[in-house]
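Since every read-out is calculated from the coordinates, none of them should be taken as a lab result. Worth saying up front: this structure is predicted, and the values here are computed from it rather than measured. Note that each Cβ is placed from the backbone with ideal geometry, even for glycine, and that neighbours are counted across all protein chains shown.
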Amino acid sequence: MMWPNFFVQDDEQRMGMRTRAGGKRRKALTDEQEGKIKLAFFVAIVGMTLTVLAVGTEFWVELNTYKQNHTAICEAAHYGLWKFCYKKLWVEDVEEERATCGPAELPGEANCSYFKFFTTGENAHIFQRTTKKELNITAAVVSLLSITLMAMGSLCITMALSKGIEFLLKPASIFFIISGIMVLVCLEIFRHSVRWLITSDETIPLEYEYSWSVACAVASGSILIFGGGCFILLSIPSLPKKPWEYCIKGRSSSTTS
């Protein structure tokens with residue numbers, strides 16, 4: 001009868017040691033830390049939402065022809081990273097002070113299609129102007145990589161909140177900051193592609209203006225960088241004392257010596 005009791009006690013001791021070791025390895029987050037992380041994560045979610053909205057829409061830039069006399073219809077176009085749209089607008093719907101057609105949000109007959117350089121490798125032709133597919137493809141790929149990094153950062157924050165692992169805040173901050181920088185890089189590449197398109201041919205006079213999708217991308221890149229910076233600050237261990245207390249203590253020790 002003594003041997004079974006001995007084995008039972010031995011197993012209980014081993015399980016207790018494993019539980020204590022696991023508790024030492026896993027440091028639970030306090031309610032204050034968890035609240036701050038959730039707030040910073042909400043900021044990052046806003047940036048991610050704006051990024052997906054910008055990448056998925058085709059209102060990055062608007063190309064507007066000039067209004068002509070004695071015509072009831074004018075032509076405009078707008079495009080993004082994936083597709084472009086031709087639009088025929090009624091001149092009477094356009095503001096009288098405006099010399100060009102637009103904006104693209106006005107009601108009219110639209111004809112949208114995806115860029116062919118993602119499938120057949122052909123450049124697109126918009127108002128007798130030719131796109132530079134290398135720049136457009138690069139901008140699209142950078143945007144997808146940015147979204148991938150956002151997903152990895154979100155996974156790290158989710159694990160940090162569920163498992164109580166504070167160390168995961170550091171890689172999450174890096175993912176969010178790099179993704180925000182890549183969104184801004186995507187915007188710069190897209191701007192160069194627009195300039196290439198406008199200067200490729202000048203047969204048809206055009207005016208161009210960046211639309212609300214670009215505003216969403218600029219805001220999302222800034223918010224993601226800010227959110228990543230918040231996670232960096234949250235991952236820094238707090239000092240046990242206030243900084244000025246260290247200075248006062250250092251001065252007092254130097255005077256006594």
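Overview of values
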read-out: Quarter of the Cα convex hull surface for segment 46-147, i.e. its orientation-mean projected area (nm²); value: 7.7
read-out: Vicinal HN-Hα couplings computed from phi for segment 226-236 (Karplus, 6.51 cos²θ - 1.76 cosθ + 1.60; Hz; Gly/Pro x); value: 5, x, x, x, 4, 5, 5, 5, 6, 7, 6
read-out: Anisotropy class of segment 88-175 from Cα gyration tensor, a/c 1.5 cut; value: prolate
read-out: Over segment 82-133 - Rg/Rh using Cα atoms and the Kirkwood inverse-distance radius; value: 1.08
read-out: Qualifying trypsin sites (Lys or Arg not before Pro) for segment 104-171 [loop in DSSP, other Cβ within 10 Å: at most 11]; value: none
